[in-house]
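Reading through the structure tokens given below for one structure.
The values are calculated or read from the model by the stated rules, or taken from the named source; none is laboratory data. In this text the structure is predicted, and so the values were computed from the model without any measurement. Don't worry about glycine lacking a Cβ; one is built from the backbone with ideal geometry, like all the others, and counts go over all protein chains shown.
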Amino acid sequence: MSEVAYHGAVLPARSGNWPSHARAVPQSAEPASSIALATGLADQLGALDLFERLSAIRALITGRIVFTTSFGLEDQAIAHAIFSQGLAIDVATLDTGRLFPETYEVWAETERRYESRILAFTPETKSVEALVGRQGINGLRASVVARLDCCAVRKVAPLARILDGSAAWVTGLRADQSADRARLSAASFDKQRALIKVSPLFDWTRERTLEFVRARDVPYNALHDRGFLSIGCAPCTRAVAPGEPERAGRWWWEQEGQKECGLHIADDGRAGRAAQPHA
């Protein structure tokens, strides 16, 4: 893939499709500039392949960019595009302390394959101790509030540390994963976190993602072959039956509806907002 200079940034050769207002924006830029850049990204990423999308994101955004991975199928595809191109994008993960053994295995295999370290962020020890003291070890199943409290301690608070000082956040979200994500944009300005949020697989299907991963022999979680389509913490994830929605195996004891943990908040602030973690 060839590259050209564009407004001081290095972009894929196909970047001639980019609008004139698209330019590298420093982290300290006013929100209006970041919003404009996010709008330009959202309009134009669809014309690029995954490698070009990640390259363009890195070229256009000045400042630290973080990709958070949970080592699911989508995240492995994005990690491959980042590592194989040597892009200056931090790859980080939330080690909640309750992941499947298979997740740790694909984590280690990914580091071996790409000869790169993945940054690990864990919950604060005192917060976990207080959580277990309140709930018991699996008290998260007592209610939605209890489960969101667990997510807030083990995931939302560490994510804030991962993203601290970042200009952009890359995620593995796809629009067809659930009804809550159906209106997912390729890029948007995250008002709560004051950064650009980019989902380079926004328009991909699960089948396309699996084909990409298999064609390039990308390591992936063995649980996917056992019916686990969406993989989170072990106590909160089960395999899905044929015909069930992709995220039906997440928090399956809860009623159907918005099944989010609080990491991803819609522009209106409604999608799965987690409680703030207790001290």
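Taking the range 89-130 as the region of interest, how many residues are out of contact with any strand residue (DSSP E or B) (no Cβ under 9 Å at 6 or more places or on another chain), under 27 Å from residue 51 (Cβ atoms) and without any contact (Cβ under 8 Å) to a residue 24 or more places away in the chain?
4
Which one of these is buried (at least 22 other Cβ atoms within 10 Å of the Cβ), modelled with pLDDT under 95 and touching a helix residue (DSSP H, G or I) at 6+ places or on another chain (Cβ under 7 Å): 54, 94, 60?
60
Given the residues 206, 216, 238, 181, which is the only one that is within 28 Å of residue 254 (Cα to Cα), at pLDDT 95 or above and charged (D, E, K, R)?
Among 206, 216, 238, 181, only 238 is within 28 Å of residue 254 (Cα to Cα), at pLDDT 95 or above and charged (D, E, K, R).
Here is a list: 145, 132. Which entry is more than 15 Å from the chain's Cα centre (by Cα), aliphatic (A, V, I, L, M) and modelled with pLDDT under 95?
Among 145, 132, only 145 is more than 15 Å from the chain's Cα centre (by Cα), aliphatic (A, V, I, L, M) and modelled with pLDDT under 95.
Residues that are under 25 Å from residue 38 (Cα atoms), in contact (Cβ under 8 Å) with a residue 40 or more places away in the chain, assigned to a helix (DSSP H, G or I) and of a type in the set (Lys, Arg): does the range 156-165 have at least one?
yes
Just checking, which of 104, 114 is loosely packed, with under 14 Cβ neighbours inside 10 Å, over 14 Å from the mean Cα position of the chain (by Cα) and among the aromatic types (Phe, Trp, Tyr)?
104
For residue 152, are the conditions met, namely being at pLDDT 95 or above, among the hydrophobic types (A, V, I, L, M, F, W, C), out of contact with any Asp or Glu (no Cβ under 7 Å at 6 or more places or on another chain) and farther than 30 Å from residue 35 by Cα?
no
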